[in-house]
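The values are calculated or read from the model by the stated rules, or taken from the named source; none is laboratory data. Predicted, not measured: the structure shown is a model, and the values here were computed from it. Cβ placement follows ideal geometry from the backbone for every residue including glycine, while neighbour counts extend to all protein chains displayed.
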Amino acid sequence: MDLKLLDSPPTTAERDAVDGVLGPPASAWVGGERGADGHAALGGHAARAQRHLLLPVLHEVQGRIGWISPAALGYVCRRLTIPPAEAYGVASFYALFALEPRAPLVTHVCTDIACMCRGSSELVAELERTVGPAGEHPGNGRSIWLESPCLGMCERAPAALVTRAGDEAHEHEIAPASASDVAAALASADAPSPPPPLVPQAGDPSLRLLRRIGRVDPGSLDSYRAAGGYAALRAAIDMGPAGVIREVTDSRLLGRGGAAFPTGRKWDAVARNPVRPHYLVCNADESEPGTFKDRVVIEHDPFALVEAMTIAGFATGCERAFVYLRGEYPLAWERLSTAITGARARGFLGDDVMGAGVRFDIELRKGAGAYICGEETALFNSIEGYRGEPRSKPPFPVDSGLFSKPTVVNNVESLINVLDIVLEGGAAFARIGTEQSTGTRLFCLSGCVERPGLYEAPFGVKLGELLEMAGGVAGGRQLKAVLLGGAAGAFVGPDKLDLELSFEATREVGTTLGSGVIMAFDETVDLVPVLLRIAAFFRDESCGQCVPCRVGTVRQQEALLRLASERPRGTVADELALLDEIGQAMRDASICGLGQTAANAIDSAVRELRVFERAAG
Amino acid sequence: MSAVPVTIRRTVELQIDGDAVRVPEGSTILDACKARGLDIPTLCYGETLTPVNACRVCMVEVEGSRVLVPSCARKAEDGMVVRTRSDRVDHSRKMVLEFLGSSVDLSTTQHVDRWNREYGAAPERYGPPAPPAPEGARDRAQAGRHHAGDGQTAATVAQPVKIDNENYVRDYAKCILCYKCVEGCGTDWQNTFAIAVAGRGFDARIATEFDAPLPDSACVYCGNCIAVCPTGALMFKSEYDLRQAGGWDESAQTVTETICSYCGVGCSLELHVQDNTIVKVTSPLDHGVTHGNLCVKGRFGFQYVQNRAPGADDGA
Ligand SMILES: Cc1cc2nc3c(=O)[nH]c(=O)nc-3n(C[C@H](O)[C@H](O)[C@H](O)COP(=O)(O)O)c2cc1C
Ligand code: SF4
Ligand code: SF4
Ligand code: SF4
Ligand code: FES
Ligand code: FES
């Protein structure tokens with residue numbers, strides 16, 4: 001390949017940021033110098049094999065400089081032997097990267113649906129009044145605020161995320177956020193100390209997945225071990241890989257990332273695959289609006305994930321694993337990095353895990369603002385340094401996943417279930433929950449409930465019971481609707497409080513548990529703006545690869561806008577029929593789950609809640 | 001393509017619209033449909049390119065599959081039961097045609113009018129088009145942000161045409177994002193990687209790095225992207241200029257096959273001639289060596305053929 005690079009040298013700071021990740025250039029070829037004609041020809045197979053470092057390098061440039069300039073991108077391309085058009089295609093795919101100069105201090109203010117119930121519209125209006133419009137530099141041009149999709153802090157809505165670029169780059173969350181908090185953050189970005197977890201059941205002896213939350217020191221391996229940590233890995237090593245897979249299969253654990261695929265079957269397929277190496281990927285991208293469970297687990301019990309991944313790697317023959325963590329989770333990033341480093345230092349990761357001759361290690365990767373990268377094959381592309389576009393299936397990840405090798409990909413919650421499965425046995429685990437949905441589930445309660453937070457309950461718990469646990473509807477108001485499963489899920493009405501929360505029962509009534517979102521809306525909430533926000537979300541987050549989703553999400557939004565402004569083309573019924581036609585095509589013909597589910601919440605609101613009925617009457 | 005099979009290939013038998021069809025293993029459903037003489041619409045499929053199955057106009061129903069299946073990419077399997085014209089299939093083809101027709105200028109895309117009639121697609125029902133984007137605006141769009149408008153007009157990819165070199169123009173108002181040019185420029189053929197898909201969602205677009213003009217990019221003007229572009233978004237400047245002047249007339253054109261005289265490879269050339277002037281150069285896709293690809297000399301180096309001595313312009 002013949003690289004031709006745009007013609008400007010990087011600044012010292014840009015060069016330092018890149019070299020900080022990649023190390024100093026080994027030779028003049030990949031270093032600064034090149035022929036006068038702007039071409040840098042190099043075979044550089046070794047350099048190309050580093051393409052998976054593209055995303056980390058782009059993060060570093062964005063974090064240190066505040067934007068990715070043509071010169072900085074050119075230098076990255078030279079170091080990694082990537083054609084600049086491709087690197088530009090990757091950088092421009094992510095919402096957190098700026099390709100034009102931008103203020104170093106950015107406050108991302110969540111305007112998504114859980115925060116809408118908790119005053120984000122008022123917050124935004126206040127910011128517009130006191131600070132100025134989104135994206136515009138007030139005063140000195142050193143800071144701006146931007147609207148953001150769900151930041152995964154819905155239990156503390158309304159939420160904001162502050163990012164500061166520069167030598168002392170850092171990020172922190174503010175939740176709940178007021179206009180004065182945001183204004184203060186825009187003036188300086190001193191991080192407040194992180195708040196305690198919002199797990200209202202903390203201390204309840206019946207908790208399983210959440211039992212250590214708030215009780216162990218997330219920074220201390222000793223604290224984790226004192227609470228029983230690493231007993232499961234010891235047991236797993238004793239029972240051997242086949243034994244672990246047998247227990248996981250017997251547990252009938254279904255994946256918690258949304259697709260409810262049997263984890264045991266996935267592990268078994270990879271374990272048996274003769275192609276090597278095998279990879280393990282933990283999906284911690286968690287960008288489904290209303291979802292925050294994986295963040296809470298990682299922030300407050302990070303060693304549990306490290307231990308569970310080690311068991312998964314041991315069982316399926318993976319020596320190398322990746323955690324793909326959502327880019328907007330600075331505290332989770334810090335705590336998980338510390339946990340991984342700590343475990344490695346103490347021999348719980350590395351070439352001889354627990355002295356048992358097991359080789360296993362974990363690398364941490366950060367997303368950059370793209371919901372679609374939670375789709376497993378898009379996630380692989382993202383890690384590999386390509387655009388986060390889903391691949392077509394087949395082939396499935398167990399045959400050809402990360403780096404085209406057999407890959408186990410699991411959600412955080414799926415993985416941490418394995419600790420108890422190994423300790424208690426699969427059969428005991430399978431006795432919890434319902435016939436087809438075994439074990440307990442993490443539920444993300446948000447919106448208009450009295451005590452939002454992360455809850456745990458056995459499958460089969462009734463929707464009404466769960467809302468009761470969260471103190472019912474805030475302020476004693478009437479319940480209007482509940483969104484189950486997030487933006488990709490579906491609304492149900494207050495008539496469904498008896499709905500049993502299990503994969504099978506929700507499927508039967510045409511809804512889904514998805515990622516465990518339970519978002520309540522009371523009588524005072526107008527659902528039309530909520531639907532508009534969901535439509536805008538899917539338009540923003542479509543990767544753009546396939547026509548039904550790329551254009552369908554736009555046409556869906558346009559039809560909703562016409563309905564919302566009561567200026568339908570034809571009658572309201574015509575518009576509803578059009579929405580139905582658009583939804584059907586997206587569901588049937590889109591490549592991946594994003595397009596296939598982009599109409600579901602809107603469709604359910606029209607059918608179940610008859611949101612536009614009044615206008616139609 | 002004319003590759004000679006070296007081993008006797010296994011075959012698979014599937015059912016298409018009720019009829020049993022036997023095809024060599026490795027064939028796609030589309031291959032099998034073509035073998036039956038069925039006319040399946042395709043846009044992003046290219047016989048010389050790796051399938052990206054992005055346009056979704058070729059979808060068919062396969063029994064047991066929850067969603068429709070892209071016939072251009074999915075391999076035929078023993079026992080598969082395929083329906084090429086069910087209500088679901090027809091509906092999604094109609095919608096894909098409407099989605100494209102309402103957002104992209106398809107005036108130079110082949111077959112579209114016929115398909116629109118066949119599937120009852122009515123792109124105009126999404127309302128009048130929104131005003132075109134100013135120059136460069138789509139190239140600067142930030143992932144994850146958009147301006148929604150009020151829904152009364154239909155968003156489109158309309159934008160000014162990019163003319164930055166003498167060889168070919170890029171009219172991305174006509175681009176359906178089929179990825180073919182990117183494949184042709186990249187791993188499938190040219191390995192130049194001058195262009196890639198940038199941005200996301202409805203703002204996704206084909207671009208050089210930072211939308212740099214082609215002369216500043218890695219482009220070597222092989223024109224292999226033009227050869228595979230199904231929409232006319234990429235077009236010889238000579239064709240573009242003639243069309244602008246209203247003089248483009250395919251019925252008045254002749255195609256002369258010849259061999260490129262620049263080097264020893266001997267690529268086949270098809271010279272498209274109108275009014276005694278070469279207006280574009282193509283190469284047959286089914287050519288066993290070049291598969292339709294050329295280099296800048298064969299593609300654009302034709303001016304010398306028609307250089308006439310000053311004053312000797314006698315039309316001969
Ligand atoms: C658009 C989209 C977004 C997704 N986001 C996530 C996510 O953030 N986290 C996750 O675990 N799974 C997500 N998934 C599901 C994954 O593709 C995959 O099924 C899951 O990670 C498998 O793990 P599990 O079997 O443990 O559930 C998403 C799927 C789609 C289609
Ligand atoms: S359905 Fe949407 S997100 Fe998925 S591949 Fe197609 S365009 Fe991309
Ligand atoms: S002319 Fe050739 S090098 Fe230039 S963009 Fe097209 S395929 Fe790539
Ligand atoms: S320019 Fe042509 S070949 Fe390239 S993506 Fe657009 S329509 Fe396809
Ligand atoms: S943090 Fe605002 S909706 Fe989730
Ligand atoms: S032709 Fe099959 S998806 Fe485009």
Item to complete: Determine, yes or no, whether B:Tyr179 is at pLDDT 95 or above, of a type in the set (Phe, Trp, Tyr) and within 16 Å of ligand 6 (Cβ to nearest atom).
Response: yes
Discussion item. Can you tell me how many residues within the stretch B:46-72 are within 13 Å of another protein chain (Cβ to nearest Cβ) and assigned to a loop (DSSP other than H, G, I, E, B)?
Written reply: 15
Fill in: Lone qualifier among B:Ala133, B:Ala158, B:Ala143, B:Ala121 - being of a type in the set (A, V, I, L, M), facing chain A (nearest Cβ under 10 Å) and part of a loop (DSSP other than H, G, I, E, B)
B:Ala143
Fill in: Conditions (1) surrounded by 24 or more Cβ atoms within 10 Å (Cβ to Cβ); (2) modelled with pLDDT under 95; (3) within 14 Å of chain B (Cβ to nearest Cβ): number failed by A:Pro133
(1)
Fill in: the stretch B:53-67, residues that are crowded, with 24+ Cβ neighbours inside 10 Å and under 18 Å from the mean Cα position of the chain (by Cα)
B:Ala54, B:Cys55, B:Arg56, B:Val57, B:Cys58, B:Met59
Practice prompt. Go through the stretch A:506-559 and count every residue that is of a type in the set (D, E, K, R) and free of Cβ contacts under 8 Å to residues at least 60 places away in the same chain.
Written response: 8
Discussion item. Checking the structure you have, find out if any residue of the stretch A:346-359 is within 14 Å of chain B (Cβ to nearest Cβ) and buried (at least 24 other Cβ atoms within 10 Å of the Cβ).
Written reply: no
Worksheet entry | Pairs with Cβ under 8 Å, 6+ apart, first in the stretch B:168-196 and at negative phi and acidic (Asp, Glu), second assigned to a loop (DSSP other than H, G, I, E, B) and within 16 Å of ligand 2 (Cβ to nearest atom) | B:Glu183/B:Val52
Fill in: From the options A:Asp361, A:Asp294, A:Asp352, residue that is within 19 Å of the chain's Cα centre (by Cα) and in the same structural domain as A:Thr407 (by TED's automatic domain parsing)
A:Asp294
Practice prompt. Could you run through the stretch B:180-229 and say how many residues are at the interface with chain A (Cβ under 7 Å from one of its Cβ atoms), farther than 22 Å from A:Val551 by Cα and touching a strand residue (DSSP E or B) at 6+ places or on another chain (Cβ under 6 Å)?
Written response: 2
Response to the item:
Over the stretch B:60-113, the set of residues of a type in the set (Val, Ile, Thr) and free of Cβ contacts under 8 Å to residues at least 24 places away in the same chain is B:Val67, B:Val112
Item to complete: Output the residues belonging to the stretch A:560-586 that are within 15 Å of A:Ala535 (Cβ to Cβ) and within 11 Å of chain B (Cβ to nearest Cβ).
Response: A:Leu560, A:Leu561, A:Arg562, A:Leu563, A:Ala564, A:Ser565, A:Glu575, A:Leu578, A:Asp580, A:Ile582, A:Gly583, A:Met586
Worksheet item: For the subset of the stretch A:584-605 comprising residues that are surrounded by fewer than 21 Cβ atoms within 10 Å (Cβ to Cβ) and without any contact (Cβ under 8 Å) to a residue 60 or more places away in the chain, which member is nearest to ligand 3 (Cβ to nearest atom)?
Response: A:Gln596
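Quick grid of which residues meet (1) charged (D, E, K, R); (2) near ligand 1 (Cβ under 10 Å from one of its atoms); (3) in contact (Cβ under 8 Å) with a residue 60 or more places away in the chain:
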residue: A:Ala339; (1), (2), (3): no, no, yes
residue: A:Leu349; (1), (2), (3): no, no, no
residue: A:Gly369; (1), (2), (3): no, no, yes
residue: A:Asp399; (1), (2), (3): yes, no, yes
residue: A:Thr407; (1), (2), (3): no, no, yes
